[in-house]
1. Kindly check whether there is at least one residue in region A:206-218 that is outside any helix (DSSP H, G or I), away from every other protein chain (no Cβ under 14 Å) and in contact (Cβ under 8 Å) with a residue 24 or more places away in the chain.
2. Pick from B:Ile68, B:Ile6: which is away from chain A (no Cβ under 14 Å) and assigned to a loop (DSSP other than H, G, I, E, B)?
3. Please give the strands (runs of 3 or more DSSP E) falling wholly within region A:418-489 in which 1 or more residues are facing chain B (nearest Cβ under 7 Å) and at pLDDT 85 or above.
4. For A:Glu578, work out the one condition from (1) more than 37 Å from the chain's Cα centre (by Cα); (2) charged (D, E, K, R); (3) in a strand (DSSP E or B) it doesn't fulfil.
5. Residues of region B:275-298 being buried (at least 21 other Cβ atoms within 10 Å of the Cβ) and either part of a loop (DSSP other than H, G, I, E, B) or not hydrophobic (A, V, I, L, M, F, W, C) (or both), which ones?
6. Tell me whether region B:133-149 contains one or more residues that are surrounded by 21 or more Cβ atoms within 10 Å (Cβ to Cβ), touching a residue at least 60 places away in the same chain (Cβ under 8 Å), within 11 Å of another protein chain (Cβ to nearest Cβ) and more than 30 Å from B:Phe235 (Cα to Cα).
7. Any residue at all in region A:63-80 that is surrounded by 13 or more Cβ atoms within 10 Å (Cβ to Cβ), modelled with pLDDT under 85 and not acidic (Asp, Glu)?
8. Based on what the data block shows, is A:Ile541 closer than 27 Å to A:Trp477 by Cβ, touching a residue at least 12 places away in the same chain (Cβ under 8 Å) and surrounded by fewer than 19 Cβ atoms within 10 Å (Cβ to Cβ)?
Amino acid sequence: MVWFEIKKMLVYRKSYWILITLLIIECIQILGFTRPYDAVLEKNRNIYEEALSKVEGELTEDKRDYLETEMRYLNDVHMKMADLQMSYYRGETEEEDFREEFSSLSEVDERYVGFTKLYNQYIFVREDANRSFLYTGGWEALLNDPKVDLLLTLALILVLSSVFSEEYATGMNCLLCAQPVGPDRTVRIKAAISMGLAALLCLLAEAIRLGYCAGAFGLSGGEYRLCSLVSFGNETKELTLWQGFFLQLILKILGYMETACIILFLSVWMKKYSLVIMTGIVLLILPPLTWQDPFTFRGIPMPWSLCAGNVYLFGGEGELSLLQIALVMAEAVVMMGLILFFLHRKNRNFHGSKGLKFAACLLLMLFATGCGREETTVYYNSDGASFAEADSYMAVMYSDTGYLIQKDDGKISDFPLNARTGENVFSKSGFFLAGEECFYIQSSAIYENSGMPMVRNDVCLMKINLRTLQTEEVFRWNQETGWLFGLIDRNAQTDMNGMWIQKFFIHRQYMYFLRGDGSGEIDRMNLLTGESEVFLNKDIIRFSYDGKSFYYTDDFGRLVIYDLDRDREETLETVVAENFTLAPEGIYFSNMRDGKKLYLYSYDSGEVSKVCEETVFRVYTDESNVWFQTVSGVCGRMNRASGEIEFFEAPGFILAFSKDGDYIYFIDEAEWVIYAMDKSTLEVCGKFEVESPY
Amino acid sequence: MNTGKIYRQLLFYEVKKCLRTPWLPVFVVFLLLLNGWKLNQSYRKAMSIREESEELYEDFYSQWKGTITEENVRELMKIYAPLKKNAERMALSSQGGSGTYTSTERQDYMFFASQFAEEMEYDYLYSNQAVRTANNAYSLVMLFRETGNSYEVRKNTLIYRQFAERSIPGFSDTKYLEVWFQHDYSSLLIVLLCVFCLSGMFVEEKESQMFMLLRTTPGGNKTTYLAKMTVCFAFILVISFIFYFEDICILQGLSGHADALSSPVYALRPMESGAFSMSMLSFIVWSYGVRLLGLMCIGSTVLLISCLCTRTLSVFAISTAILLAMSYMQAALRQWYVINLANPMELLMIRRAASVCEYVNFLGYPMLKTTGVIIGGVMYLLLMQLLVYRTNPGHLLKR
């Protein structure tokens, strides 16, 4: 009879599809969305573990000395490297010496980040004698997420709702009561199968999670105390990690078994299948979804907290002792007993329904796909990203304020071209110009409320055609935090909302950008999916892009050319530069080996030649001249044909340089005036007052 | 036979069959209590600063509400200006003492800034902001005329007209309306009720094999379909009215002020960039109308699935999955707005589209995104109704 009941529940009603779907989704959730507790630690794990092997276990005086001495040493090395670089750039250290010493220090410095993680753990461990050193990543990932598995609860509701209610719906309950095999035995079997199924599913889910954490992160040191984990640092139950795991497992199993009992109870009481499902969802799923804080129900012997078993492991305010947990479990068992008694009294049997065909359902899904951008020849220099020029218009960004300049009459408009620019729409990023299309990042401030308002920034990557001035949205960062009617609080990735990107370029469907947090890291974001990853983790200040390759300087100042399609890099030993600018004829750079004088590297011949004796800060080129601005602000132009250099007085800093046009634009920050200077006569021919951004 | 009489009889029968259970009113009451509790929590969270000094707030509000006069501003600045100066110097005291309106100087600053100063400043200066926006729009019209970009010309002309004469006539208590603005929980509960109460509308006929009998009766095809549709839409209308009316009543009751209802909708800070200039009350009614359209679309989706499936369990599962997918698309796929134009969830969250002045290019003419969403919703509803009519169990066999 047991086998028959199982077949009726799972096979005849096709509920096995629900269970298979549930297990697949659980696997995807666990395997796809379980993130490491500390991503930086994972990146430096081998270094961390090498150091951990010396201190694992309880803290002793020897271990304390070792950690503090080692940390001091690594801090010294870190600071020495910074001093060495400064000395090299100032010309106080020869290149060979610099490279040798830098390499040897780098080898030691590689341990800095990983060891810092261990040192932070030391600061935590030394606060409590019960804490020990161990690798916590796996245990944190396994135990740290106090959430009810709502999918599992939903699956149980859908599978178990029909256990008794179908009999009432078909009127078979009366007939079944007349059968020779006692109806109470049937009730016992149904209840046992239901609770067994709930327990099995819970065990399977936990087994998958345990297996994944053990495989992906490792679960060593299970004999150490639970309070050794940062998340459980203030718990007082004196459990080991394995004890904590098994306690929360037992609580979860109890919780899901109680869920099964409640569903059976509703099934008998309400007698109607749809009502049972509705009530089950309202009673079992809606409360944990509504009350975001999982600790609210800790003292209540209901599935709302029991199913999130690890809630009971946390310390702090409202912590339950082992005795209190045992009391909650006992109360839950008593409730289950009462429910089973009620079921026994009601004495209903189940009549299986005929198997029905599974109807095909109509699903409509739309997917938008995008195509990669057609590549054009571009010369993008991050230093010159503050302006973008086409035939008739030039877009300029200065001090977080944007302007659009009409080249023929010099008329200036605010940029971005939005009626709300200056109110709550702005752009702080540089430009990326590809042909006539100019990309920039636009932010709109949206006020969520008034009076000390919360402001959210709606950030988009926009594209403007500098000929027609037609704007188009290319990508929008999703800052939506409240999903499913505000019940799910998805933490917006504010560190990646695009607002802090100032220098970027686009290659195929990826956007490469310099992170705005000063880390010097180059990240890459897929414009179709929004997924981003670290592309280059070097200390990069400036970079260039020519439609195919990415240019940057390494730790020794050498220019590196990274082919983005072939994923290969080439280092130019002859180009050691502080600044560099791509141009069609070659790469202009300030040669650090020759007092930062202006040199040119030719693409064709690979030769390096001196352009002029000046120490330059910025370089611009047009057909006839090479224009530059020195560190002191003096401007000059060099005729390409004759090599003759002419200096001229600049009315301010170069704001924008019109390569194919007739003007250079300067900005005077004292007066907030933009001057247009004729390139051929070197005379100021236009003056435009703009609003100070301050 | 008199079709009208059959229709009326079927109406009553459908109501009794699907909705007249002893548990439905209990559930509705339970969900109303849940909604009320959640709304109360949201209100208390938003008003946490005011709640501690409720009487003080009422005193000052009664003095300063209405037109913002110089005298009111002077009185406010007399209290607020020194507090703001101390706040900028980070010299606000957290110690209790005499001479404060609330418990501490810091609390005073938070109270006056959040409840009066910021709001009054916004109300007073909004017209300047709107004029600047209108001027910008005008400049852009001139600029785009030169480039021959007629779409942008039309768009900025519309923006100019919308913002040209905007102003907020006076200061009023809009904070409780901000709570209403962000409150989506009642919509979720109505969606849940729709799924559970409407799922069995057609599928139960198949489960009990009654659809064969229905096809043989004179009122079995169109009349039954019409009666079911009437019951479904009436149910959605009544339930949404109850929940949405509860929202407004609770918030009105908690706040105690009704002055803001006659203010323009952009007096709500989240709506400052919106394209609408109607009054708050009109916006509330309009918003409920749009949400009702969204609920009708969702109800029709559930009915369609009910027609296509043969088991109630399948209807629940598939309806829930589709609605979750719609909700996910509405939140996650914000950059691909074309998909969301025909997403009923966008209608339920119409505040998002209404709070921005964004347009879509429809054959060279600018169309407000809100309008696009509503048109998309109407087309979606018509499509669903057509499909339900074609696939309902009473329709399949030809006579």
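1. For region A:206-218, residues outside any helix (DSSP H, G or I), away from every other protein chain (no Cβ under 14 Å) and in contact (Cβ under 8 Å) with a residue 24 or more places away in the chain: present.
2. Testing whether each residue is away from chain A (no Cβ under 14 Å) and assigned to a loop (DSSP other than H, G, I, E, B) leaves just B:Ile68.
3. So the answer is A:471-476.
4. Unmet for A:Glu578, out of (1) more than 37 Å from the chain's Cα centre (by Cα); (2) charged (D, E, K, R); (3) in a strand (DSSP E or B): (1).
5. Once the filter is applied, which keeps residues that are buried (at least 21 other Cβ atoms within 10 Å of the Cβ) and either part of a loop (DSSP other than H, G, I, E, B) or not hydrophobic (A, V, I, L, M, F, W, C) (or both), region B:275-298 yields B:Ala275, B:Arg291, B:Gly294.
6. Within region B:133-149, not a single residue is surrounded by 21 or more Cβ atoms within 10 Å (Cβ to Cβ), touching a residue at least 60 places away in the same chain (Cβ under 8 Å), within 11 Å of another protein chain (Cβ to nearest Cβ) and more than 30 Å from B:Phe235 (Cα to Cα).
7. yes
8. yes
The values are calculated or read from the model by the stated rules, or taken from the named source; none is laboratory data. The shown structure was predicted, so the numbers you read here are calculated from the model rather than taken from an experiment. Cβ atoms come from the backbone with ideal geometry, glycine included; neighbour counts cover every protein chain shown.
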